[in-house]
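Heads up: the structure comes next, in structure tokens.
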Amino acid sequence: MILMRKIKVLYILPSITQSNGVASYVFNYLDKMDLDIFDVEIVASNLRPSQKFIDFCNEKGIVLHFISNLKEKSIFQFKKDIKEFMKEHHDYDIVHCNVMTQGLFYLSYAKKYKIPVRILHSHATKNADSMLKNIRNSIMSFLVKRKANYYFACSKMAGDYLFKKKKYHIINNAIDMNKYSFNLELRQKIRNELNLDDNFICGFVGRLVNQKNVYFLVDIIERLKELKNNAHLLIVGTGVLEDSLKVYVKNKNLDSYVTFLGERSDAKDLYNSFDCFLLPSIYEGLPVVGIEAQSMGLACYFSNTITEEVRIVRNTLMLPIDDPNVWANSINASINGENIEMDNYSSFDINISVKKLEELYKEIYKEKC
């Protein structure tokens with residue numbers, strides 16, 4: 001296929017905070033995408049935008065638009081803001097929507113303005129944590145699917161959940177595997193800076209929200225310290241539960257066993273300081289951090305509510321989330337460094353996956369244009 005001009009793509013993101021997994025997915029692809037073929041713009045909420053991502057867009061010549069955070073406005077004002085944005089910006093060939101609830105408004109106007117390719121991308125296996133939000137989002141998901149004409153998913157579980165029997169394409173949450181290799185010098189430097197040289201560090205990277213089951217992390221370390229008295233939990237990320245989680249730690253007298261690092265732009269380096277990685281999420285689509293941690297050669301422990309597709313290392317364990325003792329015993333029985341044989345490496349190599357995405361974009365663009 002010979003292209004006479006660039007294909008113009010708009011990515012719709014919930015936010016570009018450092019700890020947002022969906023943003024990480026998109027920026028991993030954009031880092032490798034051929035921008036001589038694709039003209040890319042991004043629209044996201046103005047909630048704590050990462051300077052790292054802003055700098056990336058400036059360097060790549062990617063236009064970045066911000067819209068007010070939904071939590072700061074009524075749903076009617078939020079819809080009006082999106083309407084105004086789409087009225088001014090609708091000369092796209094492809095709209096790639098990575099957020100289901102807001103996507104209803106964006107894709108409705110994209111359809112109105114006859115944008116030919118309207119992609120809805122499923123990144124989760126559940127609509128929301130609360131019953132009320134789940135009902136609301138179930139209705140919105142039904143409606144937004146009628147506005148899209150192509151469907152993407154980060155995993156089979158995420159695709160089957162949202163799209164049922166509709167045809168969809170799986171686009172893996174891939175990373176640059178070459179950037180994730182163990183560095184002993186960095187490990188020693190970071191552990192020394194944190195004053196945790198002699199500790200057995202269990203690491204977590206992600207948003208501090210109910211979905212991530214963050215209180216369970218503290219329950220795990222509470223049990224593990226009885227088996228390994230040098231056990232320590234390192235939490236990287238922020239979120240709405242940060243303050244209450246700190247209170248939970250304090251009430252359990254675990255202050256000396258848990259360190260909060262907040263939102264960091266050097267999570268890739270921090271993996272080196274971990275002895276194992278924990279992700280006890282209640283639900284996930286396919287977590288990027290899980291792929292990153294395994295690529296570092298870390299012993300990894302994921303909840304068995306996450307899709308098995310995330311397991312690219314043979315000895316990665318998928319554990320139930322109803323008993324922290326099971327996690328503590330499993331961690332205590334493992335030896336760091338044994339989980340190094342990858343079974344599904346190429347599926348999550350961004351250098352391979354980006355070519356698949358580019359060809360898919362060109363194919364569906366050709367179908368509609």
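Yes or no, residue by residue, for (1) without any contact (Cβ under 8 Å) to a residue 60 or more places away in the chain; (2) closer than 16 Å to residue 10 by Cα; (3) within 18 Å of the chain's Cα centre (by Cα):
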{"residue": "39", "(1), (2), (3)": "yes, yes, no"}
{"residue": "50", "(1), (2), (3)": "no, no, yes"}
{"residue": "69", "(1), (2), (3)": "yes, no, no"}
{"residue": "74", "(1), (2), (3)": "yes, no, no"}
{"residue": "86", "(1), (2), (3)": "yes, yes, no"}
{"residue": "96", "(1), (2), (3)": "no, yes, yes"}
{"residue": "107", "(1), (2), (3)": "yes, yes, no"}
Going through region 227-286 in order, the residues found to be closer than 21 Å to residue 188 by Cβ and acidic (Asp, Glu) are 266, 269, 275
Given the conditions (1) outside any loop (DSSP other than H, G, I, E, B); (2) in contact with a helix residue (DSSP H, G or I) (Cβ under 8 Å, 6 or more places away or on another chain), every one holds for residue 250 apart from (2)
*Answer with yes or no whether residue 224 is surrounded by 22 or more Cβ atoms within 10 Å (Cβ to Cβ), modelled with pLDDT of 95 or more, more than 30 Å from residue 16 (Cα to Cα) and not assigned by TED's automatic domain parsing to the domain that holds residue 49.*
yes
The condition of being in contact (Cβ under 8 Å) with a residue 12 or more places away in the chain, within 17 Å of the chain's Cα centre (by Cα) and in a loop (DSSP other than H, G, I, E, B) holds, among 19, 24, only for 19
Here the residues within region 207-247 that are of a type outside the set (A, V, I, L, M), outside any helix (DSSP H, G or I) and over 17 Å from the mean Cα position of the chain (by Cα) are 228, 229, 230, 232
Only one of 243, 255, 198, 219 is among the acidic types (Asp, Glu), surrounded by fewer than 18 Cβ atoms within 10 Å (Cβ to Cβ) and either touching a Phe, Trp or Tyr at 6+ places or on another chain (Cβ under 7 Å) or within 22 Å of residue 301 (Cα to Cα) (or both), namely 198
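Residues are listed down the side, and each one gets a yes or a no for (1) among the basic types (Lys, Arg); (2) surrounded by fewer than 19 Cβ atoms within 10 Å (Cβ to Cβ); (3) in contact with a Gly (Cβ under 9 Å, 6 or more places away or on another chain):
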| residue | (1), (2), (3) |
| --- | --- |
| 66 | no, yes, no |
| 86 | no, no, no |
| 97 | no, no, yes |
| 112 | yes, yes, no |
Check whether at least one residue in region 150-165 is at pLDDT below 95, aromatic (Phe, Trp, Tyr) and under 30 Å from residue 266 (Cα atoms), and report yes or no.
no
* **Yes/no for residue 50 being in contact with a Ser or Thr (Cβ under 7 Å, 6 or more places away or on another chain), surrounded by 18 or more Cβ atoms within 10 Å (Cβ to Cβ) and of a type outside the set (A, V, I, L, M)** => yes
Residues of region 67-84 being of a type in the set (Phe, Trp, Tyr) and over 23 Å from residue 48 (Cβ atoms), in sequence order, are 76
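Among 234, 194, which is under 10 Å from residue 257 (Cα atoms) and in the same structural domain as residue 291 (by TED's automatic domain parsing)? Spell out how you get there, then give the answer.
Working: 194 fails: under 10 Å from residue 257 (Cα atoms).
Being under 10 Å from residue 257 (Cα atoms) and in the same structural domain as residue 291 (by TED's automatic domain parsing) holds for just one of 234, 194, which is 234.
The values are calculated or read from the model by the stated rules, or taken from the named source; none is laboratory data. Quick caveat, the model's predicted, so the values are computed rather than measured. Here the Cβ is made from the backbone with ideal geometry for all residues, glycine too, and neighbour counts use every protein chain on show.
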